[in-house]
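To start, the structure itself, in structure tokens.
The values are calculated or read from the model by the stated rules, or taken from the named source; none is laboratory data. All values reported here derive from a predicted model rather than from experimental measurement. Cβ coordinates were reconstructed from backbone atoms using ideal geometry, including for glycine residues, and neighbour counts include every protein chain displayed. In case anyone asks, the SASA skips ligands and DNA or RNA and just uses the protein heavy atoms, side chains included. Shrake-Rupley method; radii C 1.70, N 1.55, O 1.52, S 1.80 Å.
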Amino acid sequence: MVPIPNLVFNEITFPLQLLASKVAAVTLPVLGVPVLREGNVIQLPAMALEIAEACSGIRSLMSLATLAVIYGYLLEPRTSMRVALALASIPIAVLANSSRIVGTGLLVQYWDPEKAEGFFHAFSGWLIFVVSLILLFLLHRALEILWPRGESS
């Protein structure tokens, strides 16, 4: 419940911005959208997408990690499985945030830049977070199958 100090927060946020922009810049051309990435700005033919500090995914990452810890504590007796769930929340959040940026880029290119900035931008944050929670739940189920409770932890 203690907020992360700004110095630490800033040290985490910028690399997440760059990672999200790199993943989107690699993924969008595969989907037929030409891009030019300069730092945390992705230049699309229709407009530039700036991956701002708020779009770094840090809030989603912190929220998902917290929920993964709570979920593991309440539903999983094995410490090793709890740790696995908590650690898995990091790549899940990063991939989810990157997919949100890719989705925004696709909307900008193939539909309407204004729509990509308006309702979709706000709604996609919620939607992607729900998808992240579902992925965490599915991962837990898959790990339970691969690593049954009867085995040592």
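Farthest toward the dipole's positive end in the stretch 5-117, which of Ala96, Pro15, Leu31, given Cβ charges of +1 (Lys, Arg) and -1 (Asp, Glu) about the Cα centre?
Of the candidates, Ala96 comes out farthest on the positive side.
Testing the spin-label approximation: label points 7 Å from Cα along Cα→Cβ at Glu50 and Arg78. State their distance in nm.
4.7
Could you check which residue among Arg37, Arg59, Arg141 shows the biggest mean-square fluctuation in a GNM of the chain with a 10 Å Cα cutoff?
Arg141
Would you please give the FRET efficiency between Ile90 and Asp112, computed as 1/(1 + (r/R0)^6) with r the Cβ-Cβ distance and R0 = 30 Å, to the nearest 0.05?
0.35
Just to verify a number: FRET efficiency for Arg149 and Val41, C-beta to C-beta distance, R0 = 41 Å, to 0.05?
It comes to 0.30.
Where does the charge balance sit around Ile70 when Lys and Arg score +1, Asp and Glu -1, over other residues with C-beta under 13 Å from its C-beta?
Residues near Ile70 contribute 0 overall.
So who's got an amide H within less than 5 Å of the one on Leu49, skipping anything under 5 residues away but keeping other chains? H placed 1.01 Å off N, in plane.
Ile42, Gln43, Leu44
Test of understanding: what is the full-extension gain from Ile12 to Val26, defined as 0.36 nm times their sequence separation minus their Cα-Cα distance?
In short, 2.9 nm is gained.
To the nearest 10 square angstrom, what accessible area does Leu127 show with a 1.4 Å probe?
The value for Leu127 is about 80 Å².
Under the definition of Cα pairs under 8 Å and six or more residues apart, what whole-number percent is the relative contact order of the chain?
RCO, the chain: 23 percent.
Any idea what % of Cα-Cα pairs in the chain are farther than 20 Å?
54
Give the dimensionless ratio obtained when the Cα radius of gyration of the stretch 1-60 is divided by 2.2 N^0.38 Å.
1.28
Please list Met81, Met62 in order of solvent-accessible area, largest first, computed with a 1.4 Å probe with all protein chains present.
Result of the area sort, largest leading: Met62, Met81.
Given the DSSP H assignment, sum -39500 (n - 2.57) over each helix run of at least 4 residues in the chain and divide by its residue total; what's the result at 222 nm in deg cm²/dmol, nearest 500?
Value at 222 nm, helices only, nearest 500: -24500 deg cm²/dmol.
Whole angstrom only: what separates the Cα centroid of the stretch 12-51 from the Cα centroid of the stretch 64-88?
Cα centres, the stretch 12-51 to the stretch 64-88: 31 Å.
Please calculate the 1.4 Å probe accessible area of Ile12, with all protein chains present, and give it to the nearest 10 Å².
The value for Ile12 is about 60 Å².
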